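Chemist: One structure is given below, represented as structure tokens, and several questions about it will come after.
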Amino acid sequence: MPNFLEHANKIKSELIADRRFLHMIPEIGNDLPQTTSFVMQKLAEIGLEPKEICKSGVTATIGGKNKGKVFLLRADMDALPMKEDSGLEFSSTNSYAHTCGHDIHTAMLLGAAKILKHYEDELKGTVKLMFQPSEENMEGASAMVKAGILENPKVDAAMALHVFPGDMHVGMMYWGAGPVLASSDLFRITVSGKGGHGAIPQNTVDPINAAAHVHIALQEILAREINPQEPVVITVGSFNSGNAFNIIPEAAVMTGSIRAFSKEVRELAKKRLTEIAVHTAQAFRAECRVEYISGIASTVNDEHLAIELKEYISEISNQLIPFPKQMGSEDFAVIADSVPSVFFGIGAGGNDPQYHSGSSHNPKVVFNEEVLSLGAAVLSCSAYRWLKNNQ
């Protein structure tokens, strides 16, 4: 049996170099020309034949000589539209930043690909690599599924890792079965009234007043309509209307999100948000339109697969911690909704104060690069062992 961690440590300097190059050239959404080119070049260098199946969505396969099943390993590649303030020597060279660690995810999967290519003749099936764009705006996984990432060859199971800084030291891993991350539904509420002079409000229908009551009324969904043992969050993140001191505007617009774990709660919250918004606005003589801009299901780990992979991973990392349910969302949920999948967390923090300077999506966040070889080992070991034991 290969020693995956030992092999990963041998290529540690290459993993660090790959990560630092990616860190300096962050790109966002599905517009990742430099990142995509780099990934395809690295895959070609180890003898693979990468394909860009949708804009900035790259895949390649390893093995398949012995037929067998197909195990997918996924890494997201996009960054965030924010300035970096980490002070690192290899900081971003543009106005974007890898403050969620996707550069590390990409480097780890490149490392796992190199390791698995080395043992290709021993693989009892096929490993399919998925380098995806647009995770941050929840569009990349869907685009790659639409482009056929789960077919030809057909995927039987899938896995993804996500780094966590701070108190999650290198060597620690989150694992769990069932829902681990929440669904996310982005909404826009437009309350329309009748504008006019602020001195004669009786001749108007004030959309700000109506929208303010809508905002307050939405909290009753959490307080009185959802089982208090069911986690759910409704957040209004923006409220915009008007631009003058003495004019009542024509409309007010709110945007926000609903997050939940169960499908039933998710649908109930969306239904009641629409009903409450529309009827509350009507009570103030205003009209209301509710639009759901995008939605992603909760990320659910397949129980059987999670338990099986835990056994393999425990041989590499003995600090497996139950995955604390988080209200954040991940578009890996699209994959998990289609094939048995697992989404595990991996520690990229440490005792050094620099790893506590900021959380993910913070301009000051610093991730511990020691996680790179561990992550590459976990990914390659999981794929190798699963294929061997599921012929």
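The values are calculated or read from the model by the stated rules, or taken from the named source; none is laboratory data. Since we're looking at a predicted model, the values are computed, not measured. We place every Cβ from the backbone using ideal geometry, glycine too, and count neighbours over all the protein chains shown. With ligands, DNA and RNA removed, areas are computed over all heavy atoms of the protein, side chains included. Shrake-Rupley method; radii C 1.70, N 1.55, O 1.52, S 1.80 Å.
Chemist: If amide H atoms are built 1.01 Å from N in the plane of the peptide, which residues on other chains or at least 5 residues away come under 5 Å of the amide H of Ala251?
Modeler: For Ala251, the qualifying residues are Gly193, Gly242.
Chemist: According to the Cα gyration tensor, what semi-axes, each the square root of 5 times an eigenvalue, does the equivalent ellipsoid of the range 23-76 have, listed from largest to smallest in whole Å?
Modeler: The equivalent ellipsoid of the range 23-76 has semi-axes of 24, 12, 9 Å.
Chemist: Regarding the chain, what whole-number volume in Å³ per residue does the convex hull of its Cα atoms give?
Modeler: On the way: hull volume 58.0 nm³, N = 391.
In the chain, the Cα hull volume divided by residue count equals 148 Å³.
Chemist: Considering the dipole of the chain built from charges on the beta carbon (Lys and Arg +1, Asp and Glu -1) around the Cα centre, which of Leu387, Thr204, Ala217 is farthest to its positive end?
Modeler: Ranked along the dipole, the leading option is Leu387.
Chemist: Taking θ = phi - 60°, what integer Hz values does the Karplus form 6.51 cos²θ - 1.76 cosθ + 1.60 yield along the range 156-165, in sequence order, with x for Gly and Pro?
Modeler: Computed from phi, the couplings for the range 156-165 are 9, 7, 9, 8, 9, 10, 9, 7, 10, x Hz.
Chemist: Could you state, as a whole-number percent, how many of the C-alpha pairs of the range 11-139 are farther apart than 18 Å?
Modeler: 51
Chemist: About its Cα centre, what dipole magnitude does the range 197-314 give when the only charges are +1 on Lys and Arg Cβ and -1 on Asp and Glu Cβ, stated in debye to the nearest 20?
Modeler: 300
Chemist: Another question, then. How big is Rg to Rh over the range 69-181, alpha-carbon atoms, Rh as the Kirkwood inverse-mean-distance radius? Walk me through the intermediate numbers first.
Modeler: Values: Rg = 16.0 Å, Rh = 16.1 Å.
Taking Rh as the inverse mean 1/r over Cα pairs, Rg/Rh reads 1.00.
Chemist: Per-residue HN-Hα couplings for the range 378-391, Karplus 6.51 cos²θ - 1.76 cosθ + 1.60 at θ = phi - 60°, whole Hz, x for Gly and Pro?
Modeler: 4, 5, 5, 5, 4, 5, 4, 5, 5, 5, 5, 9, 10, 6
Chemist: Over all alpha-carbon pairs of the range 111-261, lay out the pair-distance distribution in 10 Å bins, whole %, shortest bin first.
Modeler: Spelled out bin by bin, the range 111-261 gives 8, 21, 24, 19, 14, 9, 4, 1, 0 percent.
Chemist: Under unit Cβ charges (Lys, Arg +1; Asp, Glu -1), what dipole magnitude, rounded to 20 debye, does the range 256-391 have relative to its Cα centre?
Modeler: 520
Chemist: Quick one: among Ala283, Ala260, Ala217, which has the greatest mean-square fluctuation in a GNM of the chain with alpha-carbon springs under 10 angstrom?
Modeler: So, out of Ala283, Ala260, Ala217, the one fluctuating most is Ala283.
Chemist: Among Val365, Gly375, Ala269, whose Cα lies farthest out toward the positive end of the dipole of the range 266-391, if unit charges sit on the beta carbon of Lys, Arg (+1) and Asp, Glu (-1)?
Modeler: Ala269
Chemist: What accessible area per residue comes out for the chain, rounded to a whole number of Å², with a 1.4 Å probe?
Modeler: Result: 43 Å² of accessible area for each residue.
Chemist: Note the direction-averaged projected area, equal to a quarter of the hull surface, for the Cα convex hull of the range 216-352, in nm².
Modeler: That works out to 13.2 nm², a quarter of the Cα hull's surface.
Chemist: So, one more: If you take every DSSP beta bridge fully contained in the chain, what fraction is antiparallel? Give it as a percent rounded to 5.
Modeler: 65
Chemist: At each listed q (0.14 Å⁻¹), what is the log10 of I(q)/I(0) that the Debye formula gives for the range 312-391 modelled as equal alpha-carbon point scatterers?
Modeler: So the normalised log intensities are -0.65.
Chemist: Across the range 185-273, what fraction of all alpha-carbon pairs, as a whole percent, falls in each successive 10 Å bin from zero upward?
Modeler: All Cα pairs, binned at 10 Å, distribute as 17, 41, 24, 14, 4 percent.
Chemist: Continuing with the same structure: Run the numbers for His279 and His304: contour at 0.36 nm per residue of separation, minus the present Cα-Cα distance, in nm. List each step's numbers first, then the result.
Modeler: Details: separation 25, 0.36 × 25 = 9.00 nm, distance 4.52 nm.
My answer for the length gained is 4.5 nm.
Chemist: When Lys and Arg each count +1 and Asp and Glu each count -1, what net charge do the other residues less than 13 Å away from Ser95, Cβ to Cβ, add up to?
Modeler: -2
Chemist: Most fluctuating residue of Gly349, Gly242, Gly64 in a GNM of the chain with Cα springs under 10 Å: which is it?
Modeler: Gly242
Chemist: If we count every other residue with Cβ under 9 angstrom of Glu330's Cβ, Lys/Arg +1 and Asp/Glu -1, where does the sum land? All intermediate terms of the calculation are to be shown ahead of the outcome.
Modeler: Working: positive: none; negative: Asp76, Glu135, Asp331.
Value of the local net charge: -3.
Chemist: If you don't mind, there's one more thing I want to ask. Which pairs break 30 Å Cα to Cα here: Lys42/Lys263; Lys51/Lys124; Lys83/Lys270; Lys364/Lys388?
Modeler: Lys42/Lys263; Lys83/Lys270; Lys364/Lys388
Chemist: Per DSSP H run of n ≥ 4, the term is -39500 (n - 2.57); total these for the chain, divide by its residue number, and report the mean residue ellipticity at 222 nm rounded to 500 deg cm²/dmol.
Modeler: Roughly -10000 deg cm²/dmol at 222 nm, from the helical runs in the chain.
Chemist: Next up: Would you look at the GNM of the chain, springs on alpha carbons closer than 10 Å, and say which of Arg224, Arg188, Arg272 moves the most?
Modeler: Top of the fluctuation ranking is Arg224.
Chemist: How many times 2.2 N^0.38 Å is the alpha carbon radius of gyration of the range 245-289?
Modeler: Details: Rg = 14.0 Å, N = 45, 2.2 N^0.38 = 9.3 Å.
Computed over Cα atoms of the range 245-289, the ratio equals 1.49.
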